[in-house]
């Protein structure tokens, strides 16, 4: 009975985690397609000595005020022009817009940071699985569990700072290449939830540490 | 630790072994050994009561406090 309950919980947790990861990929699917096609065409461009294109992802804010809507677009439902404003842009530029050495280094660092974040997404479920296995044995205040929580907390913290740094470097690249009449380029916001989750997990690790001491005292109480 | 457990002294006086005492007071020999060797962190009153009843002694015969400084000397 306990085994069935444990397997059910593990299955539900696994499904939830897969849905969470899949939702991230679905959100970024269009961008992944763009990157894939550009990479696929890169080889033929090299052979044929053709100019390719590169995509930049830029967050922008209006220059004048938050009430400024500098663009217009036709609303075909009522055939009238409406005012709009962009907050994010995907800009396609010819590769002729050459990156200087600093920007190339930043791009390499961003690629590395992306792999770091992917590694965190793979690392965390393994730690959770180990945690669930010990919980099945009704062992919670254990040194291994404390280490697992510390690992999860550290991984979440690393993911936050990796995303933060990648956003900053992307901003530096975009700022050096582009300038718009009605918009100012801003750094993309990094979701603080990663850092909060990291702190909460580390606090739980500290609680487990205190629990381990209490359990040891309890074990040595005759 | 300033609290010294003199259980081995009382057991020698009453000529009772660890296994016999543990069987009579309902504690495992392992736990009683932890108490005897001074590794225990705490003792329940119920345990102390059972030991004193079996050995016919006072808690002060089993537990002794020594000042930390004097202990190191």
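A few comments on the model shown:
- Mean sequence separation of contacting Cα pairs (under 8 Å, at least six apart), scaled by the length of region A:54-154, corresponds to a relative contact order of 22 percent.
- For chain A, the relative contact order is 22 percent, taking Cα pairs closer than 8 Å that sit 6 or more residues apart in sequence and dividing their mean separation by the residue count.
- GNM flexibility winner over chain A from A:152, A:185, A:139 (Cα, springs under 10 Å): A:139
- Pairs of Cα atoms farther than 17 Å apart, chain B, %: 40 percent
- Distance from the C-alpha centroid of region A:164-222 to that of region A:124-150: 21 Å, rounded to the whole angstrom.
- Helix A:143-177 axis, angle to chain A major axis (alpha carbon atoms, nearest 10°): 10 degrees
- For chain A, the mean residue ellipticity at 222 nm estimated from helices alone is -23500 deg cm²/dmol, where every DSSP H run of n ≥ 4 contributes -39500 (n - 2.57) and the total is divided by all residues, rounded to the nearest 500.
- Nearest-ten-degree value, helix A:2-27 long axis tilted from longest Cα axis of chain A: 10 degrees
- Tilt relative to chain B, helix B:45-55 - C-alpha long axis, 0 to 90 degrees, to 10: 70 degrees
- Legend: calculated FRET efficiency, residue A:115 to residue A:180, from the Cβ-Cβ distance at R0 = 35 Å, rounded to 0.05, equals 0.65.
- Mean residue ellipticity, 222 nm, helices only, chain B: the sum of -39500 (n - 2.57) across DSSP H runs of n ≥ 4, divided by residue count and rounded to 500, is -15500 deg cm²/dmol.
- Of A:74, A:28, A:138, the residue with the greatest mean-square motion in the GNM of chain A, using alpha carbon springs below 10 Å, is A:74.
- For the pair residue A:67 and residue A:30, a Förster radius of 30 Å applied to the C-beta separation gives a FRET efficiency near 0.50, rounded to the nearest 0.05.
- Translational D in µm²/s for region A:107-222 (Stokes-Einstein at 20 °C, 1.002 mPa s, Kirkwood Rh from C-alpha pairs): 129 µm²/s
- Hydrodynamic radius by Kirkwood, which averages 1/r over all alpha carbon pairs of chain A, in angstrom: 21.7 Å
Bear in mind these aren't lab numbers, they're just calculated from the coordinates by the rules spelled out. Because the structure is a prediction, the values reported are computed rather than measured. Neighbour counts run over all protein chains shown; Cβ positions are idealised from the backbone, glycine included.
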